[in-house]
Every structure is written in structure tokens, then in C-alpha cells.
Amino acid sequence: MLRFILTRASLVIPTFLGVTFLSFLLIRLVPGDPIEVRVGERGIPPERLAQLRHEMGLDQPMWKQFADYIGNVLSGDLGTSIVTQNPVLDEFFTLFPATVELGLAAMVFAVLAGLPAGIIAAVKRGSWFDHGVMGLSLTGYSMPIFWWGLLLILFFSVQLGLTPVSGRLDLLYYVEPVTGFMLVDTWLSGEKGAFASALRHLVLPAIVLGTIPLAVIARMTRSAMLEVLGEDYIRTGRAKGLSEGRVIGLHALRNALIPVVTVIGLQVGTLLGGAILTETIFSWPGVGKWLVESINRRDYPALQGGVLLIATTVMTVNLLVDLLYGVLNPRIRHAR
Amino acid sequence: MKRILLGAGLCMTAALALAAPAHAAKTIVYCSEGSPENFNPQLNTTSTSMDVAIPVYNRLVQFEHGGTKVVPALAESWTVSPDGLTYTFKLRQGVKWHSTNDFKPTRDFNADDVLFSFERQWKTDHPYHKVSGGAYDYFKDMGFPDLLKSIEKVDDHTVKFTLSKVEAPFIANMAMVFASVFSAEYADSLLKKKTPEKIDQVPVGTGPFQFVAYQKDAVIRYKAFDQYWGGKAALDNLVFAITPDAAVRYAKLKAGECHVVPFPNPADIDTMKKDTSINLMEKEGLNVGYLAFNVTKKPFDDVRVRRALNMAIDKKAIVDAVYQGAGTPAKNPIPPTMWSYNNAVEDYPFDPEKAKKLLADAGYANGFETDLWAMPVQRPYNPNAKRMAEMMQADLAKIGIKASIKQYEWGEYRKRLQAGEHQMGMMGWTGDNGDPDNFLAVLLGCDAARIGGSNLAKWCYKEFEDLVQEAKRTTDVGARTKLYEQSQVIFKEQAPWFPVAHSIVFMALNKNVTGYKMDPFGHHHFYPDVDLKQ
């Protein structure tokens, strides 16, 4: 087991370096630098430009900037945002709980809806329900997040007035952040109605962000179930007179879950990518929206640090899933 | 599994069933377009960041609500010495500072605060100069470091600014947001606690609204300041709900979650105009989009050619197609909302035949080849430079001029235009201080015509220059108006530009909002007069 962990962990280092290099390079390939973005029509005298570039370290050769950056990162310093002058790490962790909360809610929605849909579709293979679920999941998977989000807002919030358009909490409430998770903070605050308000604000963005994972999970569950349902032991179970519920719920589902868990783990990347768009539409103060603003302002340290931290999160979760996979399926563990 | 599903379902239904709680009395929600960099207007350059400081701070003088006229604020009055070099401000007495959990002011506003606010930006050895990066772009761009000779405290309620040269727009510059007055006492207390950067994050001012809290990227809260020297605001609370997407801002306005919405989607304007549930306001922006002819290059050194081009391009068609109702054709280099705008000036008519004749007179009967530079980005004064360039190209082809469109990356584009590499180049300008000097001298003056300067026509014309310089040295507004009016006549005769348009800015409001006035500088003000009908 230890060897398994070490092998997996060693793969993290090159990935980490690659991500750092790409995020460093790509933002610099975008035309315009932080100074030009803020200068505008007025222009800037050459001596001021040189001074500002020097202060930001942009006058150094690219390789040196990168080497310095890596050095700082290794010592735990992600730099300070050019725009706000706050440490990137602080900014990230102020906003990250909002993204995690949204991601978890989306995942809960995707799993709660996707698993049963996939199971029923597999059991009733070829029925209208099966075709319906597969058709809808393909639609969901192909839906542009931006469009889908606006559509839901216009219908549920503007037409029906059921949910708030955007934000995390009604402006009537002011809850001092303790954990950064609005559901927890509003619960702790004990303010009447605040928790319900936070929940109402979470519904639409969670559905929007959870749609793609939902589609993937439903399809994956269905095919895994179909495979398992054809196994000999299922036939044996039925032959020995087990109830259908027991055959499916206990024997089939448990084995079908193994590939599904892997897929769920892989969805974390999709979730964080989707969060960038979802947060922008729903004015959700998470790291996604923050990254978009950092790109617009060419805030190099914020963007690099943000991408790096998100990549680290995705890598960690994937590593955990791999380990969990080993736990769930002893064959894998022992094969190593 | 079933139980979990049922539980989650119940939770969601329960949450949905609870109707949205009504807003507390007189809380106005402004759905702002982005997050502020910080709360110090001395450090910022973006309008988004200026907006969050405006409710909190005052300046010695301010622009009147919705206009460009300078009126007294923290200074009750001011006098200018006969040589125009010394400005003495008499400060208002009894002005109270806001307080926070960590800071309780022990004194009223006085001259020390004025000195602190300017010296931080000015003196490189000031203890606060380097705090929060200390860029002070506006202070430097408006030429303050060289312009200021000294700032003296005459007594607690009198401050004397001495300038190194006569500068009539000085008073207008002092009304700009970067000239906001900060509390020296608060600054001292923060310095003692070794947290000076807090001054830029937890603002303490004298303004109509007091800062309450900022939840990063989400909500900024203010409450009305009871002891405001101008009288308490009609509103009780002011909330900025940060909403970056324009379509979502509109949805929030419709759902009653916002009262005031800036920067609507151009594509939504038509729908908004027809929407009886909202109030759509519009105002010409303090800007101009133009095409500059480089007069140092042939054939644009010939005024007849420049006039011919002014007649050859169908301005109305361009404004209709490119601005789609959000622009008015420009004839002068300054916008109509600015004082001294000369409405008597007549624009060149669209007359290709006459243009051809003028070209022939100048010796270009068969036309010529030239370049036409177009911005690669959307700007407030020009939503689509490429499309505009294509329309101009087509019009010019009709009188035999072959113009090839050139584009560069935005930073590079500006640099090359300022270096004068172009023959014809598009650009624009948004005013900073509402003073005509900020357009006429900056964009058409001789000093700016140097290589690297912002006079893109590289046009230095003595008669025009003399008028603008004299206006700069004259402090009487009536006399300055006459000089600027005259200078616009010369501009038209000499035609160094083809002025294209002034763009129109839109604001969408809830019908219950009263007294809101659009600011010509594009800022957003919620005092005075702004109220909510109950």
C-alpha cells in the first residue's frame, strides 16, 4: 500500500511543474501586461514605465522570472496580487470555501440524481425511461454552462420568482464569516431565515454546475450496472430466491460502484473548471470569478497562484480517489 | 438512499417555499460591475474602484451632483492670488469623521488632514508613501508632483497651495476623486498599530456614507452617516452587490434584487427601452471618438485634403451602424455636456462631390494611397473600431482614396500612434476633470504633439495653441469659455481630425428610485437627493 501511495505521489511532481510552467507562460502570451492594462489612452512616460516594470520584476529575463517564482513557491510564497497588494494565498483561501461549498452541493446533486437515474435506466433497459435518461444526459453533457445558467435564472428567478438571481445570501442578513461555508456560517449564526436564504441561493448554481457531472454519472452508472447485471453471480442470486431489491441494491450496485467512484473523482476537475463560468454568472464570490478578474487585469501572481492551487486540489483529490479505489477493490491493491 | 433523497427534497422544497424577505427600510442596492482593488482612490485608476470610495470621502471641492461645475465641499470657499499661483482654501468647521470598531476620532476635520492626504502622494519620504504599492497614477498624470510648490497650513482651518506655474484647471483637478481627504488621526493610529495598509482597506472619511463591511468579491455595505456635514442621506443603507455579468444584472433588476444597474448590455438596450417596469436613463458620456490625420505627413499637411476627408465620410451612417443608438455624431473635439462647448460651429456636410473637387484643387485628382489605423479593442467611445474603419474605407474609395486598415495589439497600437507612425489613426478620450483643457491641450496642444505625446494629429497650430494656453492662465470662467469657443472654430477650419462621435452611457433603475442623476464622469453617486419611494 505504501509503495502504491509513493508511486502515485511521485507522479505529482512533474504535473505540478508542468502546471506552474504553463500558467506562467500562457498569461504572458496574452497581449498586454498589468501596466498597459491600467494605463489606457493617456499613455505612460517611458521612465515611469521602466520604473514600474522594475518594481514588478517584469524587466528580468523570462527564465529568471520563472526560476525566482519556482523558488518562492517552493518556500511557500505565492507572491502578492499586483492589483490588491494582498498575499495571493490569503486571497485564495478567503474565496476558496465558497467554491468548495458550491462544488460539493453540485456533486451532491449530481450523485443523488445521477445514481438512481443510472440504476433505473439499467434495470429497465430499453424502456422509455432508459431512453429518456440517456437522451437527457447527452443534452446535459453538451449544454453550454453560460446559456444553461441564464436560462434557469430567467425562468426560476425572473419569471417564477422562486429563487434569487445571484449571490450567496440575501442582503438583509449579515453573517460574519467563520468557516467561509455559508450554510455552516448561517447555521451557526442562529439568525432566523439566514440558513434558508443561503440554501435558496445555492440551488440554481449547484444545479448548473452539477449538470455535466450528473450526465456523466448517470451514463457511467448505467453501463457499469448493465455489465454487472450480466454476471453469473447475479443469476445465482436470483436463482437462490433473493428479492430483486436485494440483488440490485446489494450485489449489483456494490460492484457497479467501483468505476462510478473513479468517474466521480475525475469530475472534480470538471467541477472546478465549470465553477469559473458558474461563479461568474451567479456572482458567486469564489476562486473562479476571482481568476477571471485576474486574467482581465493581467494580475500575474494571482492568476499563477490560483491555477497552481486549483491544480494541487485536483491532484490531491485524484490521488485520494485512487487510494479509495484500492480500498474498495482489493484486487487492485493486491495486484501492485 | 430513498431516505436521503426524500430528506434533500424536503429541504429544498422548504427553502424554496420561504418567500424572499423584504428589504429593510430604505436600503438601496447598486449592482456594481466588478470588485474594487481597494478603498483608496489615490491608488486606483479604474472607475469601479473610484465608485466604492465616493460614498465615504469628500474633497476640498466637488463636482455638483450630475454635472461638471465645481462647488465647495470640505473647503467653504477659496481665493486665488492675482498672479494665479496661490490658492487659499478656507476649511469647513465642525466636519465629523466616521468611526470604526478600532478607531474613534477625537477631533473634527482640519488642515492636518489636507496636508496628510496630499503629502502621502507627493513626498517620497512620507511614512505612508510606499504603503499599498503607492503608485498614485492620477496624482502623477495630472502633473501634481511638478505643479505643487508647497502646501502650507496657515491655521487649523486654512490651507495654502502654492503652484509652480499658473494652471486654471487646478480647481477642477482638486475635485477629482484622487484628491479625497483622509483622516491624519486615523493614519497615525494605524501607524502606531503597525497596520498602515488598513487605511486603504477600511476607509474612514467624512462622506455621506460610512463603510460597514466588505465581503470580498460579493458585497460592500455602507450606512448613512448621521453626522454628515451636508445633512444625513435620505437613504439608510447603501449596498454594492458585485455582479460582473450584464445579463445577470438586468435579471436582478427585474427580480427586484437591484435598484440601480450600470453598463447594460448594448444588445439589451432596445428591450429595456420598451420595459415599463424599469427606468432607463441615458446621458452623453464625457468622451469623444475621433480619426486623427497626421499633419506631419503628406498629403495630410494640406488643409484641403483634411477638409475633403471630413466631407467624404458619411458620419451619420457610421454612428447609426457602429453605435446602434448609443452615440451622437461629434463636430467638436469636446463633448456637448462640457462647459464652453461651441454649438455654433457647423460640421462639414457629407458631400463626396465637393470632397473630390477639394482633392483635385490640392493636386490629388486621382486620389492617393494611405493607411487607416483601427483600435483592436472595444473602448467606451468606440464599440467597434474595425467596423468603423471598414465603413470609412468604403466611403474614401468613392473619392479615389485607397486606405489600408492597420491593427496592432492595444499597447503597441497606442505606442506607435503616439510616435506618429500612422497617416490616419483612430483613437478617443474620456475626460478626467470636466475641464476643456483636459481635451484641447492634452489632445491638440503643441506640447503633446511631440513624438510619444498624446496629440495624435501631431498638429501644432500657433493660433489655436495661443488661445488654449491663454485659457490655461486665465482663472475667470467666463473669459476662458470665450477662448475655448474660439479655439473650437479654429479646430474646425483646420480639421486635424475627423471627429466621429460621443458615446451615450445608459443606466437602468428600479422605478422606485428617485433623484438619481447620471454623472458625466461615469461615476455613481447616491447623495444628495437619491431616495427610494416606499
Practice task
Calculate the spin-label point distance for residue B:129 paired with residue A:266, positioning each point 7 Å from the Cα along the beta-carbon direction, and give it in nanometres.
Solution key: 5.9
Problem - Reachable aspartates and glutamates, given that their alpha-carbon falls under 13 Å from the alpha-carbon of residue B:273 and they are not under 8 places away in the same chain - result: B:282
Handout entry: Inter-part distance where the stretch A:211-280 and the stretch B:234-254 are each reduced to a Cα centre, Å
Key = 42
Completion exercise
Zone reached by a paramagnetic label modelled 7 Å from residue B:275 Cα along Cα→Cβ, restricted to the stretch A:164-203 with backbone N below 15 Å, covers A:165-166
Handout entry: Threshold 50 Å² - residues in the stretch B:424-444 whose accessible area is reduced by that much or more when the chain is no longer isolated, probe 1.4 Å
Key = B:429
Problem - Column: log10 I(q)/I(0), Debye, Cα scatterers of the protein assembly as shown, q = 0.08, 0.10 Å⁻¹ - result: -0.83, -1.20
Exercise for the section: With all distinct Cα pairs included, what does the Kirkwood hydrodynamic radius of the stretch A:66-207 come out to in Å, to one decimal, could you say? Expected result: 18.5
Practice task
Please work out the FRET efficiency for the pair residue B:462 and residue B:529, using the Cβ-Cβ distance as r and a Förster radius of 45 Å; give the result to the nearest 0.05.
Solution key: 0.45
Handout entry: When each of B:331/B:458; B:104/B:192; B:160/B:482; B:69/B:165; B:130/B:223 is checked by Cα-Cα distance, pairs over 26 Å
Key = B:160/B:482; B:130/B:223
Practice task
State the dimensionless ratio Rg/Rh of the stretch B:19-111 (Rg: radius of gyration of Cα atoms; Rh: Kirkwood radius).
Solution key: 1.06
Problem - Average beta-carbon neighbours from other chains, 10 Å sphere, peptide A:165-177 - result: 6
Exercise for the section: Provide the packing ranking of B:253-259, B:66-72, B:197-203, A:281-287, i.e. peptides ordered by the mean count of other C-beta atoms within 10 Å per residue, highest first. Expected result: A:281-287, B:253-259, B:197-203, B:66-72
Exercise for the section: At 1.4 Å probe size, with every protein chain present, just tell me what the per residue accessible area of chain B comes to in Å². Expected result: 39
Practice task
Using only the Cα atoms of the stretch B:106-235, construct the convex hull and provide its projected area averaged over every direction, in square nanometres to one decimal.
Solution key: 9.7
Problem - Length added when fully stretched, residue A:29-residue A:227, from 0.36 nm per residue minus Cα-Cα - result: 66.6 nm
Handout entry: Cβ neighbours within 10 Å from other chains - mean over B:405-415
Key = 3
Problem - Cα centroid separation, the stretch A:16-48 to the stretch B:74-132 (Å) - result: 36
Completion exercise
Cα pairs beyond 19 Å in the stretch A:1-91, in percent, come to 55
Completion exercise
Using alpha-carbon coordinates alone, the radius of gyration and Dmax of the stretch A:95-297 in Å work out to 19.7, 67
Exercise for the section: Return the distance in nm (one decimal) between the two label points of a simple spin-label model at residue A:324 and residue B:267, each offset 7 Å from Cα along Cα→Cβ. Expected result: 3.9
Handout entry: 222 nm mean residue ellipticity, helices alone, for the protein assembly as shown (DSSP H n ≥ 4; -39,500 (n - 2.57); rounded to 500)
Key = -14500 deg cm²/dmol
Exercise for the section: Roll a 1.4 angstrom probe over the protein heavy atoms and tell me the percent of accessible area of the stretch A:39-158 that is carbon or sulfur. Expected result: 69
Exercise for the section: Set the Förster distance to 45 Å, then compute FRET efficiency between residue A:235 and residue A:104 from the Cβ-Cβ distance, nearest 0.05. Expected result: 0.70
Exercise for the section: Would you mind putting B:287-294, B:330-337, A:12-19 in packing order, based on average other-beta-carbon counts within 10 Å, highest first? Expected result: B:287-294, B:330-337, A:12-19
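When DSSP assigns beta bridges and you keep just the ones with both residues in the protein assembly as shown, what percent turn out antiparallel, to the nearest 5?
85
Based on the Cβ-Cβ distance of residue A:162 and residue B:398, what FRET efficiency does E = 1/(1 + (r/R0)^6) give at R0 = 60 Å, to the nearest 0.05?
It comes to 0.55.
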Problem - Length added when fully stretched, residue B:357-residue B:490, from 0.36 nm per residue minus Cα-Cα - result: 45.6 nm
Handout entry: Qualifying lysines (Cα of each under 23 Å from Cα of residue A:240; at least 8 residues distant if same chain)
Key = A:124
Exercise for the section: For peptide A:144-155, compute the average count of partner chain beta-carbon atoms within 10 Å of each residue's beta-carbon. Expected result: 2
Problem - Share antiparallel - DSSP beta bridges, chain B, percent rounded to 5 - result: 85
Completion exercise
Checking rank on B:147-156, B:469-478, with mean other Cβ inside 10 Å and highest first, the result is B:469-478, B:147-156
Practice task
May I ask you to work out the translational diffusion coefficient for chain B at 10 °C, viscosity 1.306 mPa s, via Stokes-Einstein with Rh from the Kirkwood sum over Cα pairs, reported in whole µm²/s?
Solution key: 63
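The values are calculated or read from the model by the stated rules, or taken from the named source; none is laboratory data. Predicted model only: the values in this text are computed from it and were never measured. So basically every Cβ, Gly included, is an ideal-geometry build from the backbone, and we count neighbours across all protein chains shown. When the accessible area is computed, the model is the full protein with side chains, heavy atoms only, and any ligands, DNA or RNA have been set aside. Shrake-Rupley method; radii C 1.70, N 1.55, O 1.52, S 1.80 Å.
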